[in-house]
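Enquirer: Pasting a structure here, questions to come.
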Amino acid sequence: MKKKRVHRMRIQGFKKLAALILGIALLLFGVTPVFAHDMYLGSSKWAFGKDRILSTIEFDPGLFQQLKGIKELGYDLDHLTDDQLHDLTTKVIQPYIDEKLSVSINGRAYPEQVVKIEREGTLWKIWLKISDLNFNWQENQVSIAYHLLFEETGNQHVNIGYVYYTDADDDSVQAVFDKTQPNLQTIFDSNHTVWNFSDKTAAFLSDIATYVVLGIKHILTGYDHIAFLLALIVIGLSVREAIKIITSFTVAHSITLLLAAMHIVNLNAKFVESVIALSICYIAVENLFSKQVNYRWLVTFMFGLVHGFGFASVLREYVADKENLVRSVVSFNVGVEIGQLSILLIALPLLYLIRKWFSPRTVTIVASAAIFMVGFLWFVDRLFNLQWVPF
């Protein structure tokens, strides 16, 4: 009888432990999409003049070759002949653009002509043109419907769209893209495929909204930043301590985010990503071996400086010009804070419920052990560039 009772107690204990591990797994991974940083970035720049629209869509080589029909040609994209480039333009890119991209003005659709395709540095550029227009920006409604690469990337592609109001000719429009501030910006993704606008009055709010959304999206798809936040709070902080720690993290990453985005301070991306993973391991180990953690806000501040460089590496992909840099950084940071708050509003009540079933110390140990293992995998993967971890 006594052995049976002990056996039942062990089974119940294992069931509770399994439930705890499942809860921690949901806490770690249930609040974010599967693909953390792999968003397949591209950009598009649109020059609107009085009688035409010139535009360029830019992709890195890995993304460009995923365009439907390119692989089937079997061409070496690094060594294209003139005839192959012509075939690529007429047989693949133009039909693809006709199918996946449309521009309408006052409800009338206009065809986008592929003017040329070129490789410039590390980017492939598709140049497009719409001619014979007559714009009056107080009256015309413009709609751009963008559906490129969503099918090929499983809806992970993100394209940042920039609009410039300029009458620059074909030869000088690139200088406008490179040296002037865009008037409007937006984010095309699988959930936001159509961009509607009419005049310049929307530029300021559109710019802010674009970077706020980008900040939210980045933090909610960043497993490493989420793991770091969870490691900080899983020890069972008071509200005052939690506010103090999160504030120090916010201040720290805001400082380095701005410095890095302005290119005042630059660190190697591999080093930054490895240290971010190491920061997760450190906090987790501290949770495991220290029942009472002092000066966590200071440690959080130091690691927050490194996380800011991680945020900046994403932001730099989107900022087109230094003139709007401060506004972009502030807006992006607001989005990051909104995302962090959303995570905390989910994580804290969930931790509270789990602690009703298990002792706080047990929760801390199991959660911290899981976080450490994930952080250590990231650290090894990033340090040696193994690319084993898909998130």
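Enquirer: Just the residues that are in contact (Cβ under 8 Å) with a residue 24 or more places away in the chain, surrounded by fewer than 18 Cβ atoms within 10 Å (Cβ to Cβ) and either within 30 Å of the chain's Cα centre (by Cα) or under 21 Å from L41 (Cα atoms) (or both), please, taken from the range 101-118.
Expert: S102, S104, K116
Enquirer: Of the numbered conditions (1) in a loop (DSSP other than H, G, I, E, B); (2) touching a helix residue (DSSP H, G or I) at 6+ places or on another chain (Cβ under 9 Å); (3) not hydroxyl-bearing (S, T, Y), Q292 fails exactly one; give the number of that condition.
Expert: For Q292, the exception is condition (2).
Enquirer: If you go through the range 280-302 one residue at a time, how many are open to solvent by less than 40 Å² (accessible area, probe 1.4 Å) and either of a type in the set (A, V, I, L, M, F, W, C) or within 18 Å of the chain's Cα centre (by Cα) (or both)?
Expert: The total comes to 6.
Enquirer: Has the range 346-358 got any residue that is in a helix (DSSP H, G or I) and of a type in the set (G, A, S)?
Expert: The answer is yes, given that some residue of the range 346-358 is in a helix (DSSP H, G or I) and of a type in the set (G, A, S).
Enquirer: Could you please give the count of residues in the range 378-391 that are crowded, with 16+ Cβ neighbours inside 10 Å and either at pLDDT 90 or above or in a helix (DSSP H, G or I) (or both)?
Expert: Here the count works out to 4.
Enquirer: Residues that are touching a strand residue (DSSP E or B) at 6+ places or on another chain (Cβ under 7 Å) and surrounded by fewer than 22 Cβ atoms within 10 Å (Cβ to Cβ): which helices (runs of 4 or more DSSP H) entirely in the range 163-271 hold 1 or more of them?
Expert: It comes to 173-179, 203-220.
Enquirer: Could you tell me whether any residue of the range 115-127 is in contact with an Asp or Glu (Cβ under 8 Å, 6 or more places away or on another chain), in a loop (DSSP other than H, G, I, E, B) and on the phi > 0 side of the Ramachandran plot?
Expert: No, the range 115-127 has no match at all.
The values are calculated or read from the model by the stated rules, or taken from the named source; none is laboratory data. Keep in mind that what you see is a predicted model, and the values were worked out from it rather than measured. Cβ sites come from the backbone with ideal geometry, for glycine too, and all protein chains shown count toward neighbours. Just the protein is used for accessible areas: all its heavy atoms, side chains included, with ligands, DNA and RNA removed. Shrake-Rupley method; radii C 1.70, N 1.55, O 1.52, S 1.80 Å.
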